[in-house]
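Asks: Below is the structure I would like to discuss, written out as structure tokens.
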Amino acid sequence: MELLKNKIKQDGVAVNEHILKVDSFINHQIEPMLMQEMGKDIAEHFKEKGITKVATIESSGIAPALMTAVSLEVPLIILKKQPSKILNQDLYQTVVTSFTKETNYELTLSKKYISAEDHVLIVDDFLANGEAATAALRLLRMSHATIAGIAVLIEKSFQPGHQKLASQGIEVYALAQIAEMAQDYVKFKD
């Protein structure tokens, strides 16, 4: 998506070969019109897949996932990074390792909002090593829901996430694919 690539070129900050800061328009500050366009693009790509729900991991994935859910006219479910103090018996849970934060955390999904009848599209901001997406898949599979695919705003194609998901038969759709990065340098995949 050229709109996103241009925004990354203009306002993104490549800190090093692994970290791309997009906090001025995706993470800390959100540009609603950009999110709306990205949500429409993702929805258009998956519109014939019979999606019943969109899922995302809190918190940076919420805005693009919500815009996608609006465009698809389906509910959004949010996978939480902290277990609920009141819903502990009604949760699917798994552990995820965060590449960015270099920590492990527990990812949870309320059983109340997912079922075997659901066909789910996962939407997130980044795809790098694929750990978060793999954990989201594990949770959704615990519920016996089926997976329509995974959509991400930015894929770091030089990291193994795409390959890891594709090898499981999961369709991965990325709005911007980065082939390589270095400090103050981003090269997009053609």
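FYI, it's all coordinate maths here, none of it is from the lab. This is a predicted model, so every value here is computed, not measured. Quick reminder, even Gly has a Cβ in these numbers, built from the backbone with ideal geometry, and neighbours come from all protein chains shown.
Asks: Starting from one equal scatterer on each C-alpha and no solvent at all, send me the Debye-based log10 I(q)/I(0) for the stretch 88-190 at q = 0.18, 0.19, 0.23 Å⁻¹, two decimals.
Replies: Each listed q corresponds, in turn, to -0.88, -0.96, -1.26.
Asks: May I pose another question? Taking amide H positions as placed in the peptide plane 1.01 Å from N, state which residues far from Ile147 in sequence (5 or more) or on other chains have amide H under 5 Å from it.
Replies: Val120
Asks: With +1 assigned to the C-beta of every Lys and Arg and -1 to the C-beta of every Asp and Glu, and no other charges, what is the dipole magnitude of the chain about the Cα centre in debye, to the nearest 20?
Replies: 440
Asks: Each residue of the stretch 10-24 in turn: what ³J(HN,Hα) in whole Hz from Karplus with 6.51, -1.76, 1.60 and θ = phi - 60°, glycine and Pro shown as x?
Replies: Residue by residue, the stretch 10-24 yields 6, 10, x, 10, 7, 6, 7, 6, 10, 10, 10, 8, 10, 5, 7 Hz.
Asks: Output the pairs from Lys9/Lys112; Lys9/Lys111; Lys112/Lys156; Lys7/Lys81; Lys47/Lys81 with a Cα-Cα distance over 32 Å in this structure; if there are none, say none. Could you put the intermediate results ahead of the total?
Replies: Details: Lys9/Lys112 41 Å; Lys9/Lys111 41 Å; Lys112/Lys156 34 Å; Lys7/Lys81 28 Å; Lys47/Lys81 28 Å.
Pairs exceeding 32 Å: Lys9/Lys112; Lys9/Lys111; Lys112/Lys156.
Asks: What translational D, rounded to a whole number of µm²/s, comes out for the stretch 20-95 from Stokes-Einstein when the hydrodynamic radius is the Kirkwood one over Cα pairs, at 4 °C and 1.567 mPa s?
Replies: It comes out at roughly 95 µm²/s.
Asks: Name the long-range amide H neighbours of Ile178: under 5 Å, sequence gap of 5 or more, or other chain; modelled H, no Pro or chain starts.
Replies: Answer set, sorted by chain and number: Glu155, Lys156, Ser157, Lys189.
Asks: In degrees, nearest 10, range 0 to 90: what is the angle between the Cα axis of helix 62-72 and the longest Cα principal axis of the chain?
Replies: 70
Asks: What pairs from Lys5/Lys40; Lys5/Lys187; Lys40/Lys80 go past 20 Å between their alpha carbons?
Replies: Lys40/Lys80
Asks: Using per-residue counts of other Cβ atoms within 10 Å, averaged over each peptide, order 48-60, 18-30 from highest down. Mind showing how you got there, number by number?
Replies: On the way: 48-60: 19.0, 18-30: 15.7.
Highest-to-lowest ranking by the protection proxy: 48-60, 18-30.
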